[in-house]
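Quick notes on the structure that follows.
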Amino acid sequence: MKVGSRIYFEIEGGSFSGTFPTRIEDIDESKGFLAVAHPLYKGVLVPIRGERYYIWITTVRGIYRYPVEILGAKEDKVSLLLLKIIGGGEHLQRRRFVRMPINLPFTYRLKGKVGPPKKGYTKDLSAGGIKAVFEEPLLVGQRVLVRIDLEDDLGPMIVEGRIVRVDAREGVIEHGVEFLNLSERAIRRIMRFIFKKERELREKGLI
């Protein structure tokens, strides 16, 4: 962790539960706390009323989740939360990444093949991969280059994936795809999209 690092603050329990992007503004090793920007949603400070709190930190080795205690708040150039890590970090394996059931169209090519892109759509999405329906049946082990729009004004994302599972369900062939070689920035981008969609559904009372 370092000042300026982008992280996620999770509220567990209560009516404001969710995971919100923020950043580290200060670290005081002598007192054992860190200050993070108070999370915002639509320009408003998120009410901190939950049962438990965590921070998520993305690294080249994956995502780590730490339980934290809120020591207080203060005003500087921005509103800050003062946090203390109260337990060891949990390494979130790819299979435990937050997974969002969602239908997103994408285009793809088989890696190493030439020709026009083909179409598909997701059944769910996480920072570890997708469940997807492709224009053609694919085989376990095949690699694909998926071009998908995450609706964040940054343009389509292109990710490499490997087919790890194939299931036929009610006449539809679903493929489990594991993302390969994702950068820390790409992981954060996918997580940001998922958490945004979760908040939208929660606001509508759908989850």
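We did not get these values from a lab; they are worked out from the coordinates using the rules stated. Computed from a prediction, not measured in an experiment: that's the story for all the values here. Cβ sites come from the backbone with ideal geometry, for glycine too, and all protein chains shown count toward neighbours.
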Eligible lysines near LYS74 by straight Cα distance, threshold 24 Å, same-chain separation 8 or greater: LYS2, LYS31, LYS42, LYS84
Taking every alpha carbon pair in the chain and sorting the distances into 10 angstrom bins from 0 up to the bin holding the longest one, the percent per bin comes out as 8, 32, 31, 19, 9, 2, 0
Check cross-link reach from LYS113 to the lysines: straight Cα distance under 29 Å, and skip same-chain residues fewer than eight apart. LYS123, LYS131
Summing -39500 (n - 2.57) over every DSSP H run of at least 4 in the chain, dividing by its residue total and rounding to the nearest 500, the 222 nm mean residue ellipticity is -3500 deg cm²/dmol
Among LYS123, LYS111, LYS84: highest mean-square fluctuation, GNM of the chain, C-alpha pairs under 10 Å: LYS111
Using 0.36 nm per residue, how much length does the chain from VAL3 to SER17 gain when fully extended, once their Cα-Cα distance is taken away? 2.5 nm
For the chain, find the longest principal axis of its Cα atoms and tell me its angle to the long axis of helix 184-203, 0 to 90°, nearest 10. 80 degrees
How large is the dipole of the chain about the Cα centre if only Lys and Arg carry +1 and Asp and Glu carry -1, each at its Cβ, rounded to the nearest 20 debye? 540 debye
So which lysines can LYS111 reach, going by Cα to Cα under 17 Å and dropping same-chain residues fewer than 8 places off? LYS119
Sticking with the crude label model, points 7 Å out along Cα→Cβ, report the distance from LYS42 to GLU136 in nm, one decimal please. 4.5 nm
FRET efficiency, ASN181 to LEU201 (Cβ-Cβ, R0 35 Å, nearest 0.05): 0.70
